[in-house]
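Report on the structure given below.
Values quoted throughout were computed directly from the atomic coordinates according to the rules given, and no laboratory measurement underlies them. Because the structure is a prediction, the values reported are computed rather than measured. Positions of Cβ are backbone-derived with ideal geometry, glycine not excepted, and every protein chain shown enters the neighbour counts.
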Amino acid sequence: MFIDLNSVSNNSIEAKSYDFCICGAGPSGITLARKLATLGKTVALLEGGALEYTEESQEIYRGQSLGLNNWEAITNCRLRYFGGTSNHWGGRCSFFDKIDFEQRELFAGMSGWPAGSHQKMFKHLQDACEIVDIPRDSFKALPKSHWKGDFFRLSERAFSPPTRFRTKYIEELKRSEKIDLYINANLTDIRLHDALSAVSYFEVKNFHGKAHKFSAKHYVIAAGASETAKLLLNFNKQLPQGIGNQHDMVGRCFMEHFNVNFGNFVVEDHLLFKEPDLQFTPSETFMRKFNIGNAVLDFDANVRARDFGRLKELKKSAREFVCQSETMTNIARNFAEFDCEGDGVISSLIEQVPNMNSRITLNAEKDHFGLRRVTLNWQASPADDMTIRHLGREIAKELARTKVARIKLKDFILDDNIPIDDYGHHCHQMGTTRMSIDPKNGVVDANQKVHGIDNLYIAGASVYPTGGGCNPTLTLLMMTLGLGEYLAKL
Amino acid sequence: MALAAQPLVLNGLITPDQSSQSPAISLPQQQADYIVVGGWTLLKSDLLTDES
């Protein structure tokens with residue numbers, strides 16, 4: 001069933017009771033609702049926005065950034081309407097390596113994934129692939145290659161079309177007899193029972209200010225890393241430090257994947273670069289040897305002709321003159337980057353280690369619903385810098401030694417004394433309600449239940465204790481399917 | 001003409017045992033030495049090859 005909460009002015013919702021109430025109708029919330037419905041459970045699925053993008057809803061995400069990059073993406077990376085951030089998702093899918101689930105020295109005392117996470121998660125790989133329309137066994141269909149590296153391997157990945165959850169699942173949810181989908185339904189408070197150890201109801205408001213009480217046996221927040229932290233910190237009427245925050249862990253260990261531009265390269269092995277989307281991942285041996293994080297290094301070679309307009313044609317001619325003149329090339333390339341065929345740039349997706357000082361807090365400004373907005377202080381650590389520099393230096397050596405390419409690295413890769421000034425990101429927001437066995441190290445337990453609250457769970461990448469070196473969506477879906485299976489048995 | 005005969009300004013030299021910034025690197029092919037010229041990581045042999 002489908003209900004626009006903006007059009008509900010009475011208290012009819014209070015008469016309903018569900019098995020589960022889920023806040024957030026992005027990939028995680030939709031996947032969880034569908035899984036629970038399949039297993040016979042009734043679900044209230046709450047979407048704060050509408051079916052389409054609206055400024056009114058998106059504005060709720062607006063926040064401040066004090067950390068790296070003066071990161072405006074806190075407001076715009078994610079989309080606040082039905083289908084969530086899948087509405088502008090790129091579709092690249094990969095998954096964690098086994099080493100990513102280990103308790104590594106790299107984490108400097110911070111806990112990693114609970115034991116058994118790897119097996120629990122990968123049971124759901126094929127189902128997760130079907131959700132995002134990746135053909136069966138796509139990950140086994142890596143391009144045949146003569147690459148014979150020692151410290152790096154070709155990255156395993158597959159591509160979703162990409163699947164827009166809004167388009168793919170809206171009609172199914174509208175028809176569902178088990179799921180009630182509410183839009184313009186904004187979670188504004190979580191009320192606990194008197195013992196403060198279980199949720200009594202969700203207070204949910206439409207954009208006109210009308211409040212509704214949603215009751216269920218179990219509750220799930222699937223609102224993304226920054227918004228989930230925002231909600232838990234704001235709900236402090238009964239627990240002054242916020243819900244799940246008894247150890248001051250909500251909002252901490254915010255993680256992204258660094259997107260560092262390593263520099264440029266010239267191609268030697270043209271055959272290898274004919275393969276689309278050439279990407280390298282460090283081997284486990286290499287990561288252990290240097291105690292560094294995981295990553296994907298993306299070699300984007302300029303090998304295809306492009307369709308230029310008149311002005312662009314002029315620029316192209318000038319560029320060709322520069323590129324084809326050996327003397328000019330050598331001089332000019334010292335001052336600027338030209339898209340000469342056979343050249344390319346190296347981008348990256350690099351693991352960030354959990355860092356207590358990289359965090360989300362609340363500031364004084366309030367949103368439409370009176371909730372304090374977030375301030376993001378995204379921070380890198382010396383361990384992150386070490387990962388970035390080792391990756392750059394060693395891929396440059398390996399591609400030279402294997403006669404694949406020659407790489408010109410940025411100065412900050414080659415020289416430890418030059419600060420890294422290029423911590424790009426991927427809009428992969430993780431951490432902030434991290435999973436931990438010990439409540440002192442995180443916010444949810446190994447079953448994604450909030451420590452200290454019996455019937456409140458968190459779904460999505462906010463529970464990742466570490467972020468690995470891969471795009472997070474497929475992992476998120478596998479985890480969510482496992483969570484649904486677990487919750488249905490309660 | 002061999003490039004090695006040209007005067008070169010070397011920004012740095014990274015070899016398996018000369019990198020001061022990282023632990024000793026045990027490369028699979030110990031013979032492979034690298035030289036950094038103007039930010040480019042090259043094989044030493046790159047500078048000795050006359051491809052003209």
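Tabulated data for the structure shown
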quantity	calculated
Gyration tensor verdict on the range A:196-242 (Cα atoms; rounded if a/c is under 1.5, prolate if a/b is larger than b/c, oblate otherwise)	rounded
Relative contact order (percent, whole number), the range A:345-419, Cα cutoff 8 Å, 6+ residue spacing	22
Averaged over A:169-178, number of beta-carbon atoms from partner chains that fall within 10 Å	0
At most 16 other Cβ within 10 Å, DSSP loop - trypsin sites (Lys or Arg not before Pro), the range A:384-485	A:403
Calculated from backbone phi, Karplus (6.51, -1.76, 1.60) coupling profile of the range A:19-28 in Hz, x at Gly/Pro	5, 9, 10, 10, 9, x, 10, x, x, 6
Structure-based [θ]222 nm, chain A - -39500 (n - 2.57) summed over DSSP H runs of at least 4, per residue, nearest 500	-7500 deg cm²/dmol
Computed lengthening from residue A:119 to residue A:6, 0.36 nm per intervening residue step minus Cα-Cα distance	36.4 nm
Virtual spin-label span in nm between residue A:366 and residue A:211, 7 Å along Cα→Cβ	1.2
Pairs of lysines in the range A:157-251 (C-alpha under 24 Å apart; 8 or more residues apart or interchain)	18
Potential extension, residue A:238-residue A:145 segment - 0.36 nm per residue separation minus Cα distance	27.5 nm
Separation in nanometres of the label points that stand 7 Å from Cα toward Cβ, at residue A:197 and residue A:177	3.8
Average partner coverage of A:389-402, which counts Cβ from other chains inside 10 Å	5
Nonlocal amide H pairs with residue A:471, under 5 Å, H built at 1.01 Å	A:94
In nm, spacing of pseudo-spin labels at residue A:283 and residue A:490 (7 Å Cα→C-beta vector)	4.5
Peptide-level mean, for B:34-46, of C-beta atoms on other protein chains within 10 Å	6
C-alpha long axis of helix A:165-175 to longest principal axis of chain A, angle in °	20
With Cα atoms, 0 to 90° folded angle of helix A:225-234 axis to chain A main axis	40
Extension reserve of the residue A:15-residue A:56 stretch, reckoned as 0.36 nm per residue once the Cα distance is removed	11.9 nm
Vicinal HN-Hα couplings computed from phi for the range A:97-114 (Karplus, 6.51 cos²θ - 1.76 cosθ + 1.60; Hz; Gly/Pro x)	7, 4, 4, 5, 8, 7, 7, 9, 4, 3, 7, 6, x, 6, 6, x, 6, x
Degrees separating the helix A:382-401 axis from the principal Cα axis of chain A, which is the longest one	40
Amide hydrogen neighbours beyond the local backbone of residue A:426, cut-off 5 Å, H modeled	A:257
